[in-house]
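Heads up, the thing below is written out as structure tokens.
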Amino acid sequence: MPRTAQAERQELAAQPAKRVRGHLQNQVFERLRRGLMVGAFMPGQVMSLRKLANSFGTSPMPIREALTRLVVANALEETTNGSVCVPRLTPSRLTELFSVRELLEGAAAEAACRNCVPALLTALTDINDELLEAIAKRNVLGCLSSNQRFHFTLYEAAASDVLMPLIESLWLQFGPTMYLSLHSPDMPWDASAHIEILEGLHTGKPSVAKRGVINDIRTTGRSLAPAMASHASVGLLSSRLDDLYFGN
């Protein structure tokens, strides 16, 4: 049966609203996804619809849809009582994740070094300066945000459509543990490994850049096991998360 002109007008009128809803849902999903990678949510933290909606300034509906997508992606898990929380990693799983990180992120660092241009070195130096300032001020969210931004700016310079999705998947799984590393007495948050990475880029030595990335990963990994065993869950969403880096 052919559609009437009125039906066509109604469909066209509804399209902008659908696009707006779709854009909002994707925006919320990406911000939550990036928040998990950054470390803005802790292992075991319950993802409260009300608190998240207040934090993002939205209704609960796009939050609920984004959480469902993240559960399907195994970034979050649904509990027996129906709530959604951040998974707790076992020490063995964390060790495995960090071993794979060394392989993939080391390769990305080498490729980025080969592709390095002055603008990349300037951008990474500026980001690292922001990280050092956040460390000096003990600004936890600033540290987490700048650290992730440094690594992802480096890896994106590898220009690999294969490596980046895999690296993002790893960060989505271990990212929530990064908050704990800042409270570990064994974690030297001085960004010294980043200096080695920058040296590799400046001198055009991919092996040095790779070594810096691997040292960074191993230092973090060594500090996380005891921190994971002793931490008490604390919510970080008392304020909006606009200061975090959630990608472009």
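The values are calculated or read from the model by the stated rules, or taken from the named source; none is laboratory data. No experiment lies behind these values; they were computed from the predicted model shown. Backbone-built Cβ (ideal geometry, glycine too); neighbour counts: all protein chains shown. In case anyone asks, the SASA skips ligands and DNA or RNA and just uses the protein heavy atoms, side chains included. Shrake-Rupley method; radii C 1.70, N 1.55, O 1.52, S 1.80 Å.
Residues of region 179-227 that are among the small types (Gly, Ala, Ser), at pLDDT 95 or above and over 20 Å from residue 134 (Cβ atoms): 200, 204, 207, 209. In region 202-222, of all residues being more than 15 Å from residue 105 (Cα to Cα) and of a type outside the set (D, E, K, R), the one that is least open to solvent (accessible area, probe 1.4 Å) corresponds to 204. Selection over region 61-92 of residues that are open to solvent by 80 Å² or more (accessible area, probe 1.4 Å), touching a Pro at 6+ places or on another chain (Cβ under 9 Å) and within 29 Å of residue 154 (Cβ to Cβ) gives a count of 2.
Filtering region 77-105 to residues that are closer than 15 Å to residue 212 by Cα and either outside any helix (DSSP H, G or I) or in contact (Cβ under 8 Å) with a residue 60 or more places away in the chain (or both) leaves 98, 101, 102, 104, 105. Residue 108 meets all of the listed conditions (1) within 25 Å of residue 159 (Cβ to Cβ); (2) without any contact (Cβ under 8 Å) to a residue 24 or more places away in the chain but one, namely (2). Put simply, of 124, 141 the only residue that is open to solvent by less than 30 Å² (accessible area, probe 1.4 Å) and under 18 Å from the mean Cα position of the chain (by Cα) is 124.
Confirm whether residue 58 is surrounded by 15 or more Cβ atoms within 10 Å (Cβ to Cβ), at pLDDT 90 or above and not hydrophobic (A, V, I, L, M, F, W, C). Criteria met by residue 58.
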